[in-house]
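Structure, as structure tokens:
The values are calculated or read from the model by the stated rules, or taken from the named source; none is laboratory data. Everything numeric here is computed off the predicted structure, so don't read it as measured data. Cβ: placed from backbone, ideal geometry, glycine included. Neighbour counts: every protein chain shown.
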Amino acid sequence: MGKNIYLFFGPPGSGKGTQSDILGKKLKLPVVSTGELLRHEQETKTKIGLIASNYLTNGKLVPNKIIQKILDKRFKKSDTKKGFVFDGFPRSEEQLDLLRARLHKSEKGSKVIAIYIKVGDQEVKTRIIGRRVCDCGAAYHLKYNPPKKAGKCDLCGKKLVQREDDKPKIISCRLKHFYKTIKPILHYFNQSHILIEVNGEKSIKSIEKEIIKNINKLNK
Ligand code: AP5
Ligand code: MG
């Protein structure tokens with residue numbers, strides 16, 4: 001039987017990480033987040049991490065060669081046999097080609113659904129400025145999604161911090177790169193009739209419901 005692959009798209013701070021974690025838990029599928037994988041390489045100071053660091057800190061897209069390497073490394077794990085949720089991939093036409101090549105080889109026969117979370121720039125900025133994250137990958141928002149204990153992760157109790165690229169100047173750069181590259185990607189999934197578009201300016205819970213409703217419709 002083919003795998004189920006879900007892809008999340010949206011501007012920085014739109015809720016891709018939040019919603020892919022929710023969907024992954026619900027469907028018992030692992031989340032493959034290129035951003036998280038890159039930050040892990042950066043924190044552990046690997047060769048890849050050192051190269052990627054400059055791009056991450058400045059809000060620029062990391063070169064495709066690096067993305068391919070981290071994905072090859074991630075897919076050596078055996079937990080994606082039934083499928084997975086992609087957060088933040090593909091982000092360019094070249095990466096779309098990489099994905100399509102995978103769908104013709106290792107992921108042949110997979111059912112793919114793409115989810116676009118649409119959020120305006122002002123809301124994105126409010127969300128990113130209030131975001132606090134943990135080493136373990138969990139993300140919170142000071143107002144919209146606060147941790148139970150101020151400054152501490154609900155899951156592991158570690159101290160929450162602000163992401164290095166969550167500064168106003170870098171946010172603008174990330175937004176610019178997003179709008180420069182997203183059009184052909186959405187066009188491809190829309191033409192393939194596997195694109196769900198949700199209004200990301202609602203509550204986390206109602207976006208979750210909207211996504212599930214639309215996935216069920218496509219799966220009918
Ligand atoms: P990545 O980590 O993917 O960052 P991003 O795309 O900028 O997105 P974010 O993680 O900032 O936001 P999100 O959409 O996940 O929102 P979240 O759920 O956290 O990538 C980082 C960098 O890595 C890139 O800039 C690039 O350098 C590199 N990179 C990654 N992938 C790459 C690739 N494929 N190719 C090349 N380079 C790549 O939510 C945000 C906040 O809002 C949180 O505080 C959350 O609690 C809150 N929130 C969420 N939903 C709601 C809601 N509905 N209402 C209110 N608050 C909400
Ligand atoms: Mg994220």
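Quick notes
- Output for segment 1-28, where each listed residue is touching a residue at least 60 places away in the same chain (Cβ under 8 Å), part of a helix (DSSP H, G or I) and farther than 20 Å from Glu123 by Cβ: Leu23, Gly24, Lys26
- Looking only at segment 71-125, and only at residues there that are buried (at least 19 other Cβ atoms within 10 Å of the Cβ) and of a type in the set (Gly, Ala, Ser), the one that is nearest to Glu208 (Cα to Cα): Ala114
- Looking across segment 69-128, the residues that are within 16 Å of ligand 2 (Cβ to nearest atom), basic (Lys, Arg) and touching a helix residue (DSSP H, G or I) at 6+ places or on another chain (Cβ under 7 Å) come down to Arg74, Arg91, Lys125.
- The residues of segment 153-169 that are basic (Lys, Arg) and either within 10 Å of ligand 1 (Cβ to nearest atom) or surrounded by 11 or more Cβ atoms within 10 Å (Cβ to Cβ) (or both), listed by number, are Lys158, Arg163, Lys167.
- Evaluation of Glu41 against (1) in a helix (DSSP H, G or I); (2) more than 11 Å from ligand 1 (Cβ to nearest atom) (one fails), failing number: (2)
- Within the set Gly49, Gly2, the sole residue that is modelled with pLDDT under 95 and over 18 Å from Ile185 (Cβ atoms) turns out to be Gly2.
- Considering only residues in segment 126-149 that are away from ligand 1 (no atom under 11 Å from the Cβ) and surrounded by fewer than 19 Cβ atoms within 10 Å (Cβ to Cβ), the one that is nearest to Lys25 (Cα to Cα) turns out to be Cys136.
- With respect to the stated conditions, Asp21 fails to be crowded, with 22+ Cβ neighbours inside 10 Å, among the acidic types (Asp, Glu) and under 13 Å from the mean Cα position of the chain (by Cα).
- The residues of segment 193-206 that are surrounded by fewer than 11 Cβ atoms within 10 Å (Cβ to Cβ) and either in contact (Cβ under 8 Å) with a residue 60 or more places away in the chain or more than 21 Å from Asp121 (Cβ to Cβ) (or both), listed by number, are His193, Lys205.
- Within segment 29-62, the set of residues being surrounded by fewer than 19 Cβ atoms within 10 Å (Cβ to Cβ), free of Cβ contacts under 8 Å to residues at least 40 places away in the same chain and either among the acidic types (Asp, Glu) or at positive phi (or both) comprises Lys45 only.
- With respect to (1) over 17 Å from Leu71 (Cα atoms); (2) aliphatic (A, V, I, L, M); (3) in contact with a strand residue (DSSP E or B) (Cβ under 7 Å, 6 or more places away or on another chain), the lone exception for Leu29 is condition (1).
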